[in-house]
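Report on one structure; see the data block that follows.
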Amino acid sequence: MKRKIGLYILSLWLMFALIIIITIKIPIYFGDDWEYIGTKQLVSLNLIPIICIVPIIVGFFAYYDFSYRLKGTAELAFQITEIENIDYEHLTFLTTYIVPLVCFNFDNERYQVVLLILLVIIGIIYIRTDLFYANPTLAVLKFRIYKASGTFVRDELRNNIIIITREKLTNKDKVKYLRLDNRIYYVKKIINEQK
């Protein structure tokens, strides 16, 4: 559950970065009589961008945790029998959830509360429906998403599994995997050792 929440926050990196760009207020004056407005006033002018930095940092830790877990990929293997690239899922999440949220009026406190409530509701849906793989940040970090079927140990066929990988996969590829959830796997292609 902790990893799923972390990956949800990671999926919102772009939104938080855009909110910082939209709301940051740094007074700039090039005259000779300039003076510093003070840290307290600067912080009060930029409360929303400062708050947005926190989930960005949490997202860094979530990505580090995700990468660390993937390095421990087990030697269990399966052969892909059917595969379909579903990288469009990244774009669907981005256009459906992130882009509209950036259009909020961040100066109005009611809109800030509504944004917070929406983020919590989207997060609950995102985690309960196991959509953490549809993460636009992972797409930026060169991960691919596939829907596949594969033959596992003892000829067990599993259908409609989701594969996350950094490699381009095709039908009949043999991969080693790490199970992330009931139907979601991180995989690495097994290179033909006869070469």
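The figures follow:
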item: Residues of the chain: accessible area per residue with a 1.4 Å probe, Å²; result: 64
item: On Cα atoms only, tilt of 13-23 relative to the major axis of the chain in degrees; result: 10
item: Heavy-atom accessible surface of the chain: percent carbon and sulfur, 1.4 Å; result: 61
item: Amide H contacts of I86 (H built 1.01 Å from N, under 5 Å, at least 5 apart or other chain); result: I145, Y146, K147
item: Whether the range 102-143 is rounded, prolate or oblate, judged on the alpha carbon gyration tensor where a/c under 1.5 counts as rounded; result: oblate
item: Acute angle (nearest 10 degrees) that the helix 47-71 long axis makes with the longest principal axis of the chain, alpha-carbon atoms; result: 20
item: Theoretical gain in end-to-end length, I191 to I124 [0.36 nm per residue, Cα-Cα removed]; result: 20.3 nm
item: Per-peptide average of other Cβ atoms within 10 Å, ordering 45-56, 114-125 highest first; result: 45-56, 114-125
item: Cross-link pairs beyond the 20 Å C-alpha cut-off, checked among K147/K174; K147/K168; K71/K147; result: K71/K147
item: Stretch gain in nm, segment D181-K168, where the contour uses 0.36 nm per residue and the Cα spacing is subtracted; result: 2.5 nm
item: Stretch gain in nm, segment W34-L116, where the contour uses 0.36 nm per residue and the Cα spacing is subtracted; result: 25.8 nm
item: GNM result for the chain, Cα springs below 10 Å: residue of K71, K168, K40 fluctuating most strongly; result: K40
item: Tensor-based shape of the range 1-87 (alpha-carbon gyration tensor, a/c under 1.5 rounded, otherwise prolate or oblate); result: prolate
item: Computed E for I50/T92 - FRET, C-beta separation, R0 25 angstrom, nearest 0.05; result: 0.25
item: Projected label distance in nm at D107 and S67, using a 7 Å step from Cα toward the beta-carbon; result: 3.9
item: Span from the the range 143-166 Cα centroid across to the the range 1-34 one, whole angstrom; result: 37
item: Most to least accessible of I24, I191, I80 (protein chains only, probe 1.4 Å); result: I191, I24, I80
item: The chain: relative contact order as a whole-number percent, Cα under 8 Å and 6+ apart; result: 27
item: Share, in percent, of DSSP beta bridges within the chain that are antiparallel, nearest 5; result: 90
item: Correct choice for mean projected area of the Cα convex hull in nm² that was computed from the model, options (i) 13.1; (ii) 15.1; (iii) 11.1; result: (ii)
item: Listed residue pairs exceeding 30 Å between alpha carbons, taken from K4/K189; K2/K25; K4/K142; result: K2/K25
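The values are calculated or read from the model by the stated rules, or taken from the named source; none is laboratory data. Computed from a prediction, not measured in an experiment: that's the story for all the values here. Positions of Cβ are backbone-derived with ideal geometry, glycine not excepted, and every protein chain shown enters the neighbour counts. Protein only, heavy atoms only, side chains kept; ligands, DNA and RNA dropped before computing areas. Shrake-Rupley method; radii C 1.70, N 1.55, O 1.52, S 1.80 Å.
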